[in-house]
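The values are calculated or read from the model by the stated rules, or taken from the named source; none is laboratory data. All values reported here derive from a predicted model rather than from experimental measurement. Note: ideal-geometry Cβ built from the backbone for every residue, glycine included; neighbour counts use all protein chains shown.
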Amino acid sequence: MNRIKLFLYILFLFNFSDSFALNEKWVGEWIATDEWQSEYIITLKKSGIAISNYANGEKGKWTIVDSNIEIFWDSGKSDFLFNGVMGMQRLHKSKDKSYTSGIKKVK
């Protein structure tokens, strides 16, 4: 019975430390571009809050999905941040359109 508890404890620690490292990879400020290559900032906070200074500003929540980031903005739009063939990329979706652009971490 003690071996099972030890195994579960080690498994828990491994999963916790792995998800913590993933979280730290994404937390911070990112320079994103829109479909016209205008730059703006997306900030991902440890609390799971996402803030953007695009247009009048956006606020939303982010989560880790398969080691990538999915942001659901309060406006109904969404962004998916991932490491693609061309480096870090952002897939933006709204009800009218979608596009892919680059993104890079500032701090």
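A few points about this structure:
- Residues satisfying the stated conditions in the range 39-61, i.e. among the β-branched types (Val, Ile, Thr) and free of Cβ contacts under 8 Å to residues at least 24 places away in the same chain: 43, 49, 51
- Among the residues of the range 44-85, the one identified as within 15 Å of residue 32 (Cβ to Cβ), of a type in the set (S, T, N, Q) and within 8 Å of the chain's Cα centre (by Cα) is 68.
- In the range 48-74, the residue that is farthest from residue 25 (Cα to Cα) out of those that are at pLDDT below 95 and among the small types (Gly, Ala, Ser) is 55.
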